Every structure is written in C-alpha cells, then in structure tokens.
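Report on the following structure.
The values are calculated or read from the model by the stated rules, or taken from the named source; none is laboratory data. As the structure is a prediction and not an experimental result, all values here were calculated from the model. Note that we place each Cβ from the backbone using ideal geometry, even for glycine, and neighbour counts take in every protein chain shown. The protein model used for the area step is the full one, side chains on, heavy atoms only, and it has no ligands, DNA or RNA in it. Shrake-Rupley method; radii C 1.70, N 1.55, O 1.52, S 1.80 Å.
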Amino acid sequence: MQDIIKVSALSKQFRNITAVDNLSFTVKQGDVYGFLGQNGAGKSTTIRMLLTLITPTHGTIELFGLDLRSHRIEILKQVGAIIEKPDMYKYLSAYENLKLFAKLSGVKCTDKMLMHQLEMVGLAGREKDKVKTFSQGMKQRLGIAISLIHDPKLIILDEPTNGLDPQGIADIRNLILHLSREMGKTVFVSSHLLNEIEQIATRVLIIDKGKKIVEGTAEELFDPSQTIVELDTLNNKQCMELLQQSQWQQCLQPQRSHTLLLKMHRDQLPALHKWVVEQDVGVISLQPRHTLEDFFLQVTSGKQYVEAFTD
Amino acid sequence: MWKLLQIELYKIFKRPRTYISFAAITALIGVIQLGLKMDGQAYVDFLMNSLKDNFEFDGQILNAYLVCYIILQLLLIHVPLLIALIAADMISGEANMGTLRLLLTKPVSKTQFILAKFLASSIYTFILLVWIAVFALAFSIYLFGTDDLIIQKTSYVVQIAENDVFWRYIGAFGFAFLSMLTVTALGFFLSLFAENSIGPIVTSMSIIIFFTILSTMTIPLFQKIQPYLFTTHMVNWKEFFDEKVDSQNVVIPGSIQNPQKIIDSALILVLHIVGLVSASIFIFKRKDVLS
C-alpha cells in the first residue's frame, strides 16, 4: 500500500509554546486514520500543517510521496478538507458556494453535477437558500460537499461531527465508511467523539501535548487479552491480600489509585466476578476498561494505564 | 489568475456592503448638486466676492466643471473611507468568516491569491471612481451645462477655457485613481494582520488622517518628511487645473504649469503601491493561518 501521508519529526513552536513536538506517523492508502487528542493537544495545528496553512518549525511532510512544501498545488488538487467548523460565504447560496469552490478546485461542474453533490449531502431543495439561514449541521454537510467536489484521493476532516445531531453524526459516519470502502478514499479524521472513531478507524493515533502517545490498529489498541479491569470494594486492602493469594495474583497491576487494577483476557471476567463476590468483600464495582474512550482518557490524562498497555 | 480574479470580483459584487459606497457617493453628490442648483449663485458670489472689485465676469461661472471641481475637493477626502471598507476587509474579512482557511486548502498559489484579491479591490476602486466621475461630471453637465472653469487659487485665479477642461478631468480622475489605489494597497496590507475588518479600516483612516495633518502643516520638521508621505502627493490631481503662461504672461492652451510635479507624485504613489503589495505577498506567504 502506498504511503499517502508521511510525517517525519514534525514540530511547531508558537513563541514559547510547543504545539506539536517531534510527531511522526504514516497513513496508508485506503486507511481511515483516526487522529485523537484532547483540546489543545495539537490536532488542529497538525492538520493545518498538512494543509499548508501553518508552516512547520521542524520536520517534513510528504503527501502522495511528494514533499508538501515544494509540490503544494499539485498535492492540494488531490486533497479535500474541512478544518474545524465549515465556514462559507454567508451571503451566497449553497449552490453558489459549491460552484465557487468547485471553480477554485479547478473543476468544471455542470449544474447537474453540483445538484447531485448537494443531493448526496441532503441539501437538495435548499440549494438557493443563503448559507446564513443554515444550521450548523447543514453547513457541515455543505462543507463536506465542497471538500468532495473535486473527487480527492485524500480527505482530511477535522472534527467533522461538531454541531451535528445524532442523525447527522450517523450520516457522517456512514459517509466516511462509504468513501473508504466503496470509493477507496483515504480518510484522515480527527474527532473528540471517540466512539465515532472507534467505529470507523482502521488505524488510530493518539497525541497529547503535541507528542505521539500511541499509534496502532483498533485491534492492537483494544486487544481483548490485555483488558484492564478496575475493581472497587468496601475493603480494597483485604481484597488485595485475597487476590495475592489466589489464582488472580499474576493479573494484578501496580496500584495507582484507591481502586485495584488487573489485566486479563476479557473472557476471564465472569470468573473474576464470581470469585470476588464469593470473597464477601463488598463489591462496589468491577469494570472492564477496553473502549477507545477509556483508553484515550487514560493515556491523555492520568497515563496510569499506559504502562499496562505497553508492557 | 483570471479565474481567481473572476471569483474575487464575484464575491465583492455579491456583498451588500459593496453597494453602501455607491449609495453613499450617489447621495453625497446628489445633495451637493441639489444644493448648488437651488442656491449655487449665492455660493459663487461668496467665492468671487473679493474678485468682483477688479474683474468683470460674464457667462456661467456656476457650471458643471466648477461643480465637479467642488465635488472632487470635498469627496476625495472621504472616498478613502469607502475604499478602506472593501480593501481592508479583503483578507481580514475572510479570516473573520473562516473562509480563508478553506480557500487556502484549494490548489491556488498564495502569490496569485493575494494578487487576485488586490486586483479585485483595485477594480472596485476604479469602478467607484468611474461612478464618481459619471455623477460628478456627466450628471453635472446635464444639470448645469458647461462654460469656462474659474478656480481661485491661494494667490491667483485660473481661468481654463471650456474646450480645454474635459481632458484635464480625465487626467485628474486618472491621478485620483492612483491616489485611491494607494489607499487600497494600504487597507489591503493592514488587512493581513487582523481577523476582523474594523481594525484595518480604522487604522487605514487613522494613518491617512495623521499623514494628511503632517502633509499640510508648515513646520520645518514636518516639511522634511512631507515629500515621502503619500498623502502629500494624493492631492496633486489639482495640478491638472493649473495652466502655464508664456513670457508675455499669456496662458498657453492645453498646458499644465508643473507636469513634472504630477509625474513625480505619480511615481511616488506607484512606489507606495508596489511596496505595499510586495510586502503583502511576502508576509502572507509566511503567515500561519490560525483563524
């Protein structure tokens, strides 16, 4: 598979703030690449550098095997993007906006093509309405139509589900899957809705404070044999002693908070549950931590589970 | 480039704000013309009061050429604000709307993008001046008719024959375009540094007012820097309305008293324009789009 994006040692410094710090990653053709990080983690800065809106302080970016700095126009012809919220000309209609950006993208679109594009994003019938009358969701749909009008090979979406209702979020998810699976596009998507990424991404990169925390496929990151279990009882000290004397001893993880941590295969959970109840230690909760959201929060805030996942 | 220019012009003329300038100009000129039509003779009598003891005037002093001259003197001070409304919004307005980042993700050269935007605002400036010319000159010709143009300068009076005036107006409007283009370039340059258009509009006007004050004050310190201020040269469209006289003190028809002054001023304005646009390109190409 061809490398569509290849980022090497990318850094961006804003005066005393390091927004992106020595970031390297590769996106292969056909990937739906989930780019995760908390607010201020450096996601938008990285995306803006991928789109030449921001000049990197250090490092290189290659798209389609070409250096971004020296082949900017050639590369951007093959890229469609939405950065943060999709803003268009409010005094123009949806149709006029789409036509204008199609022209800028170097595409000669017939009325039929433009209407088809608007239809695809569910804006048929509203094409003559000024964008200032549109809801955030409608603007987002129009933004997607604009980013796809020139049939790009790579689609970069920065928080594409922002401001959308549940139906809109589902529509975007389906559209991303359609673009990837049916049309063979490579999609680079950042989102704070982590469960969305979990459902669509073939690879995930998590960054924090501009640095890469972890990268891998969904399977690698959520290996069921590496499920972390958080156990809380009325007497954790006594429970720990019991665990150390039991068959669960080898699953115990270093304790970083008042709760107890164990690492095991997800299939072992019912047996653990049964055992703990039998010990009569007053079980408050027994929670498996295996979703991307948990993983994401753990690695970007307390980081207490990172070691467990990277053992 | 042509495609980018078309898009920029399309955007300018689709915006309601663009037409505020045209409406304001039409209203202002209309009010001046109405005032002069209703009570213009009293105004002319007041202007010529000091001359009436020594000269005898016949013909129509209050004619289209004088009306146009009065309008230009009044308007060319205020037109920069109307130009700044658009020019200072060209980049900052896009940043404010959030469209700048979307535009720059399209396969467009940043240099061409800036040049197209500047050219589009220059075309707007040109159309605005043509609009002023049509209303101030053509409509005045319809309302007041034509005759010789009599202008009172500080220490002398200029009388330009009726058939020698029109080309001077073409020259004056051409020069005024260069002056206004400097304002366009200034507003455009300042629009690079802001994310809403109010800051660059106010800054443009403040610079013009500040420089105009420096250009007109006869203090030796200021006089040293006056030749370098664009505001000093912006008013030199008036040089088209000063004739040369021969050794017998007879006016030479079709002449300009100091054409070199016009050429020098035009060159200085062109230098300002080229400098500001080049600086805009240089800065924009290195600018991080964070809006």
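Output the residue which, of all residues in region A:73-89 that are open to solvent by 10 Å² or more (accessible area, probe 1.4 Å) and facing another protein chain (nearest Cβ under 7 Å), is nearest to A:MET115 (Cα to Cα). Checking each candidate, the answer is A:ASP87. Annotation note: of B:ILE160, B:ILE208, the sole residue that is among the hydrophobic types (A, V, I, L, M, F, W, C) and either free of Cβ contacts under 8 Å to residues at least 24 places away in the same chain or under 24 Å from B:LEU271 (Cα atoms) (or both) is B:ILE208.
Just one of (1) touching a Lys or Arg at 6+ places or on another chain (Cβ under 6 Å); (2) in contact (Cβ under 8 Å) with a residue 24 or more places away in the chain fails for A:THR26. It is (2).
When region A:90-107 is filtered for residues that are in contact (Cβ under 8 Å) with a residue 24 or more places away in the chain and at the interface with chain B (Cβ under 8 Å from one of its Cβ atoms), the ones remaining, listed by number, are A:LYS90, A:TYR91, A:LEU92, A:PHE101, A:SER105, A:GLY106. Within region A:38-45, not a single residue is open to solvent by less than 10 Å² (accessible area, probe 1.4 Å), closer than 14 Å to A:GLU84 by Cα and modelled with pLDDT of 90 or more.
Among residues of region A:226-240 that are under 10 Å from A:VAL281 (Cα atoms) and open to solvent by less than 30 Å² (accessible area, probe 1.4 Å), those with a beta-carbon under 8 Å from a residue that is part of a helix (DSSP H, G or I) and not hydrophobic (A, V, I, L, M, F, W, C) at least six positions away or on a different chain give the pairs A:CYS239/A:GLN279.
When B:SER255 is tested against (1) more than 14 Å from chain A (Cβ to nearest Cβ); (2) open to solvent by less than 40 Å² (accessible area, probe 1.4 Å); (3) modelled with pLDDT of 85 or more, only condition (3) is not met. One residue alone among B:ALA120, B:ALA136, B:ALA116, B:ALA88 is touching a helix residue (DSSP H, G or I) at 6+ places or on another chain (Cβ under 6 Å), within 30 Å of B:MET48 (Cα to Cα) and either among the aliphatic types (A, V, I, L, M) or open to solvent by 60 Å² or more (accessible area, probe 1.4 Å) (or both), and that residue is B:ALA136.
Table: residues versus (1) within 30 Å of A:SER105 (Cβ to Cβ); (2) open to solvent by 30 Å² or more (accessible area, probe 1.4 Å); (3) more than 14 Å from chain A (Cβ to nearest Cβ); (4) touching a helix residue (DSSP H, G or I) at 6+ places or on another chain (Cβ under 8 Å).
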residue: B:LYS106; (1), (2), (3), (4): yes, no, no, yes
residue: B:LYS110; (1), (2), (3), (4): yes, no, no, yes
residue: B:TYR124; (1), (2), (3), (4): yes, no, yes, yes
residue: B:SER140; (1), (2), (3), (4): no, no, yes, yes
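Matching residues to (1) in contact with a helix residue (DSSP H, G or I) (Cβ under 7 Å, 6 or more places away or on another chain); (2) closer than 29 Å to B:ILE283 by Cα:
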| site | (1), (2) |
| --- | --- |
| A:THR52 | yes, yes |
| A:THR57 | no, yes |
| A:ARG69 | no, yes |
| A:ILE82 | yes, yes |
| A:GLU96 | no, no |
| A:GLN117 | yes, no |
| A:ARG126 | yes, no |
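Here B:LEU100, B:LEU72 are screened, and the one residue that is open to solvent by less than 10 Å² (accessible area, probe 1.4 Å) and within 13 Å of chain A (Cβ to nearest Cβ) is B:LEU100.
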